[in-house]
């Protein structure tokens, strides 16, 4: 391991004791000195590699607190459908991609959003059958909680009429091809178990890590395995994570507490889905969806099931994390945490809520009182038109209210939910600054904190990472600009910031 020195930087340490510096020195993978060029020159290790930052801004390596890493790598190999503005454009994109496929290969697309198509409807099984015949077609909605499939894929994925989540035509009773949770999770799991090899998984993980490094990200909470995916994903990432180029904290998405302990993990859960998503009308709400009277979403676990799981994991010393988007789902997990902590008090559990998207003021107060943490996704703000139609104005005002939650004293860690949105901290930071509610728009620096020092707290790593402080691991991201020369209210420019170097544990892992 080479020693390293960075000179001539506009260094933003995210450490209030020494907030800014010109230079820093690294020895044996850890920061030993932060200060002026002259200060660091005196402490420079013999033979150290020198990087001239050219007065560009330097940040701690960024965190992403919510990534499905194997899934993100898999989706890099799928057909990108985000640009389709209609069902006709969707077919055109898929037809072009199909020309590259051998007979019998699956046609798999990602990122469709039927809410922007005329009529707001998705391709049906009949339409996909007419366009692609016997080739299996599996198209994943932008939120990953819904797929559209043709007849061949429906059969291959073991789906059946009558399963919860399998949509049927109200007149004929035949499947429409639209599949939501929990059947969606079964489909993903079967696809992963039967059609993906371990070699492919290793390739997906490396592709996703390479993308993270290009975006200055050095630490990831990897939410793997479980009902939505495949437990082989967890097996593989645990086997190779120490050889991957970034710091990975694995959250196994299972309720098997003893299995997680046997794997040597101190945390459990992630996207164990208590409810679905707003986009697919499956996030569980106290009151009806504004655009679908009579619908309040879906809850996939009873209160007793959640209580029993949380209590067992809590008693055995694990940090617990579960997916809850709607206020009705948040209430169930919050109740389970309250009951477990009342029964067996623990001073520093840091139990997590994944998403916490549509919360109430009371729920936020109770979560703070318990010492819970929130893993939230500012990039969800981009879908505000859809959210407004689903929630109406009153619930919109209290949705994704990260600024208020942070001001209340809750620790909020920023994430992407990749592959739902890309691993890209400055995109998340810009989204937090562009909140649809003007009262919730964050400052640049508070948004950066969500992806650095506060995010480190969510994984018990605030003493090791998250700031450029002496004694911490040298996780460093050198940008291609000087933010002191930017308008820090110009979110377009912030979103376009890129990196010249990403350093993890003192080693240069990406260089432009």
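The values are calculated or read from the model by the stated rules, or taken from the named source; none is laboratory data. Predicted model only: the values in this text are computed from it and were never measured. Because the Cβ atoms are built from the backbone with ideal geometry, glycine has one as well, and the counts that use them run over all protein chains shown.
For residue 105, are the conditions met, namely being modelled with pLDDT under 95 and over 28 Å from the mean Cα position of the chain (by Cα)? Yes: the conditions hold for residue 105.
What number of residues in the stretch 148-169 are part of a strand (DSSP E or B) and farther than 20 Å from residue 110 by Cα?
Residues of the stretch 148-169 that are part of a strand (DSSP E or B), as a first pass: 148-149, 166-168.
Okay, now just the ones that are also farther than 20 Å from residue 110 by Cα, so 168.
Total meeting the criteria: 1.
Quickly run through the stretch 77-97 and pick out the residues that are assigned to a helix (DSSP H, G or I) and under 26 Å from residue 208 (Cα atoms). Scanning the stretch 77-97 gives 90, 93, 94, 96, 97.
Would you say residue 429 is within 25 Å of residue 7 (Cβ to Cβ), buried (at least 18 other Cβ atoms within 10 Å of the Cβ) and in contact (Cβ under 8 Å) with a residue 12 or more places away in the chain? Answer is no for this residue.
For the stretch 129-143, taking the residues that are in contact (Cβ under 8 Å) with a residue 40 or more places away in the chain, over 12 Å from residue 179 (Cβ atoms) and under 30 Å from the mean Cα position of the chain (by Cα), the one that is surrounded by the most Cβ atoms within 10 Å (Cβ to Cβ) is identified as 137.
Being part of a helix (DSSP H, G or I), out of contact with any helix residue (DSSP H, G or I) (no Cβ under 7 Å at 6 or more places or on another chain) and more than 29 Å from residue 283 (Cα to Cα) is the filter here; which residues of the stretch 204-231 pass it? First the steps, then the outcome.
Let us first name the residues in the stretch 204-231 that are part of a helix (DSSP H, G or I), namely 204-214, 231.
Of the ones still in play, those that are also out of contact with any helix residue (DSSP H, G or I) (no Cβ under 7 Å at 6 or more places or on another chain) are 206, 209-214, 231.
The answer is 206, 209, 210, 211, 213, 214.
Number of residues in the stretch 259-277 that are touching a residue at least 12 places away in the same chain (Cβ under 8 Å) and either under 16 Å from the mean Cα position of the chain (by Cα) or not in a loop (DSSP other than H, G, I, E, B) (or both) equals 11.
Is it the case that residue 100 is in a helix (DSSP H, G or I) and exposed (fewer than 14 other Cβ atoms within 10 Å of the Cβ)? In short, no. Here is the figure for the stretch 399-416: residues that are buried (at least 24 other Cβ atoms within 10 Å of the Cβ) and either out of contact with any helix residue (DSSP H, G or I) (no Cβ under 8 Å at 6 or more places or on another chain) or under 26 Å from residue 478 (Cβ atoms) (or both) total 5. Residue 330 passes every criterion in (1) in contact with a strand residue (DSSP E or B) (Cβ under 7 Å, 6 or more places away or on another chain); (2) closer than 22 Å to residue 286 by Cα; (3) touching a residue at least 40 places away in the same chain (Cβ under 8 Å) apart from (3).
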